[in-house]
Amino acid sequence: MKIDKIIIANLKCSGCATTIQNELSKINGVNKVTVDIKTDSIDVEHNDVSLDTLKERLYQLGYPEATEENGLLLQIKSYASCMIGKVNNL
């Protein structure tokens, strides 16, 4: 078992956290996802899942790694992901 910490951009609220947890948990080998909104970080407990796979899925959702370019398209994607997460929290 391995735990990777990823610092991301565009993390705003519990809606974002819900979407991230749900989507990363769908990746085969991911056991647990913990999102910390205060530190913009995600801890992913997994069985040999590539860090690139995790980062790519986050990027697709609009949450790039904090060191990556964060353009308008990614910010819009993150708002959409956030809204989906908020609906799922209802």
The chain - Kirkwood radius from inverse mean 1/r over Cα pairs (Å): 12.7 Å
From phi via Karplus (6.51, -1.76, 1.60), per-residue ³J(HN,Hα) for the range 73-78 in Hz, x at Gly/Pro: 4, 5, 5, 5, 4, 5
The chain: angle of helix 51-61 to the longest principal axis, Cα-based, in degrees nearest 10: 20 degrees
Whole-Hz ³J(HN,Hα) from phi, Karplus 6.51 cos²θ - 1.76 cosθ + 1.60, for the range 36-41, glycine and proline x: 10, 5, 5, 10, 6, 10
Helix-derived mean residue ellipticity, 222 nm - over the chain, DSSP H n ≥ 4, -39500 (n - 2.57), to 500: -14500 deg cm²/dmol
Relative contact order (%) - criterion: Cα under 8 Å, at least six apart; region: the range 2-89: 40 percent
On Cα atoms only, tilt of 14-25 relative to the major axis of the chain in degrees: 40 degrees
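Any read-out appearing in this document is the output of simple, stated calculations on the displayed coordinates, not a laboratory observation. It should be emphasised that the depicted structure is a prediction, and the values quoted were computed from it without experimental measurement.
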